[in-house]
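The values are calculated or read from the model by the stated rules, or taken from the named source; none is laboratory data. Fair warning: this is a prediction, and the values are worked out from it, not measured in the lab. Cβ sites come from the backbone with ideal geometry, for glycine too, and all protein chains shown count toward neighbours.
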Amino acid sequence: MKLGVSTFLTDRGIAPAALGRAVEERGLDSLLVAEHTHIPVHRRTPYPGGGDLPEVYYRTLDPFVALAAAAAVTERILLGTGIALVAQRDPLITAKEVASLDLVSGGRAVFGVGVGWNREEMENHGTDPRTRGRLVDERLRAIRELWTTEQAEFHGEFVDFDPVHSWPKPVQRPHPPIYVGGGEGAFPRVAALGDAWPANSVPPEDLGPQIDRMRTIAGRDVPVTVYAVSPDPESVERYTQLDVERLLFSLPTRPEAETLSYLDRLAAVADRFR
């Protein structure tokens, strides 16, 4: 069982380089960070977690700038998005950002993606929430072409470009792993475009049947990562009974001293299962 952390990096929490170094020093294997470009002040879309939207959602750093800072001071840990909002991202720019992160990190990038939940946020990017699933599928296909083809081109409903040169290419071959997030509605996207499925906050008693359904749809043993895991040892123990590749402990966004103390707690739990 591999164990890492997922978090929101903001201007009020620990700096990315300090966090990356601390995660690696404690023997954890990965750091995945959330993305929101902004949050509209007037919002109709309810927060999926219920109640008021936490401040961290509208203070997030750009994930690729932050992860590049972490890459510069680490050598081993995986560095990725958890998740990048592809419905709000230009595919040509995104392909270059992920490939650049993979290059500067020496092949340690993970591209975690999703369709997003905040309708007003995506509308500010010119995205129609009603068609965001098709849009994400097409952008992911275009990104893969840009990564894997010397003269890439793509012609679709939402993405259209004639042959282009797009460099750098990723260090990892054929490309950095794409972690396709979402619930059961996303399983066909996992099957078609994903290298792994990140299950978000799914309790262990519910996760086994979901993994079976996802893999049945995919027709293969897609690796599973679980986000936002509690550091409770009993809960971690239940996950170890399932066919899960990696657990990501949820790391609260706090100043450096508090974060380092919390990471010590996470590392102590992780040591029991490595």
(request) Name the single residue, out of those in the stretch 103-118 being over 14 Å from the mean Cα position of the chain (by Cα) and buried (at least 22 other Cβ atoms within 10 Å of the Cβ), that is farthest from ARG189 (Cα to Cα). (result) SER105
(message) Looking only at the stretch 119-144, how many residues end up being surrounded by fewer than 18 Cβ atoms within 10 Å (Cβ to Cβ) and either among the aromatic types (Phe, Trp, Tyr) or farther than 18 Å from PRO188 by Cβ (or both)?
(response) 7
(request) Given the conditions (1) hydrophobic (A, V, I, L, M, F, W, C); (2) in a helix (DSSP H, G or I); (3) under 19 Å from the mean Cα position of the chain (by Cα); (4) more than 26 Å from ALA95 (Cβ to Cβ), report the number of the one that ALA17 does not fulfil. (result) (4)
(message) Step by step: first the residues of the stretch 185-205, then only those that are at pLDDT below 95 and surrounded by 11 or more Cβ atoms within 10 Å (Cβ to Cβ), then the one that is nearest to the chain's Cα centre (by Cα). Which residue is that?
(response) ASN200
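For the stretch 96-118, give me each residue that is within 29 Å of TYR47 (Cα to Cα) and among the aliphatic types (A, V, I, L, M).
Applying the first criterion (within 29 Å of TYR47 (Cα to Cα)) to the stretch 96-118 yields 97-98, 109-118.
Across the stretch 96-118, the qualifying residues are VAL98, ALA109, VAL110, VAL113, VAL115.
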(request) Return only the number of the condition from (1) within 29 Å of ALA268 (Cα to Cα); (2) buried (at least 18 other Cβ atoms within 10 Å of the Cβ); (3) not aromatic (Phe, Trp, Tyr) that ARG12 does not satisfy. (result) (2)
(request) Would you kindly identify the helices (runs of 4 or more DSSP H) lying entirely within the stretch 80-166 that contain at least 2 residues that are closer than 22 Å to ASN200 by Cα and modelled with pLDDT of 95 or more? (result) 119-124, 132-148
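Given the criteria touching a Phe, Trp or Tyr at 6+ places or on another chain (Cβ under 9 Å), in contact (Cβ under 8 Å) with a residue 24 or more places away in the chain and of a type in the set (Gly, Ala, Ser), does GLY27 qualify?
Numbers: touching a Phe, Trp or Tyr at 6+ places or on another chain (Cβ under 9 Å): no; in contact (Cβ under 8 Å) with a residue 24 or more places away in the chain: yes; of a type in the set (Gly, Ala, Ser): yes.
No; evaluated as a whole, the condition is false for this residue.
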(request) Scan ALA228, ALA199 and give me the residue that is in contact (Cβ under 8 Å) with a residue 60 or more places away in the chain, out of contact with any Phe, Trp or Tyr (no Cβ under 6 Å at 6 or more places or on another chain), within 27 Å of PRO48 (Cβ to Cβ) and outside any helix (DSSP H, G or I). (result) ALA228
(request) Would you please list the contacts, defined by Cβ atoms under 7 Å and residues six or more apart or on different chains, that run from a residue in the stretch 140-151 that is free of Cβ contacts under 8 Å to residues at least 60 places away in the same chain and over 17 Å from VAL113 (Cα atoms) to a residue that is outside any loop (DSSP other than H, G, I, E, B) and not hydrophobic (A, V, I, L, M, F, W, C)? (result) GLN151/PRO163
(request) Run GLY50 past the list (1) out of contact with any Lys or Arg (no Cβ under 6 Å at 6 or more places or on another chain); (2) not charged (D, E, K, R); (3) not in a loop (DSSP other than H, G, I, E, B) and report the number of the one that doesn't hold. (result) (3)
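Suppose we filter PRO91, PRO63 for residues that are touching a strand residue (DSSP E or B) at 6+ places or on another chain (Cβ under 7 Å), within 20 Å of VAL180 (Cα to Cα), surrounded by 21 or more Cβ atoms within 10 Å (Cβ to Cβ) and of a type outside the set (Val, Ile, Thr); which single one remains?
Details: PRO91 fails: touching a strand residue (DSSP E or B) at 6+ places or on another chain (Cβ under 7 Å).
Within the list PRO91, PRO63, the selection yields PRO63.
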(message) Condition check: under 17 Å from LYS169 (Cα atoms) and out of contact with any Cys (no Cβ under 7 Å at 6 or more places or on another chain). Does GLU97 satisfy that?
(response) yes
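Residue-by-condition table, conditions (1) touching a helix residue (DSSP H, G or I) at 6+ places or on another chain (Cβ under 6 Å); (2) under 18 Å from GLU97 (Cα atoms); (3) not basic (Lys, Arg):
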residue	(1), (2), (3)
GLU123	no, no, yes
GLY126	no, no, yes
PRO129	yes, no, yes
ARG139	yes, yes, no
LEU146	yes, yes, yes
GLU150	no, yes, yes
HIS155	no, no, yes
ASP160	no, no, yes
PRO163	no, no, yes
(request) Kindly provide the set of residues from the stretch 152-166 that are free of Cβ contacts under 8 Å to residues at least 60 places away in the same chain and either exposed (fewer than 13 other Cβ atoms within 10 Å of the Cβ) or among the small types (Gly, Ala, Ser) (or both), ordered by number. (result) ALA152, HIS155, GLY156, GLU157, ASP160, ASP162, PRO163, HIS165
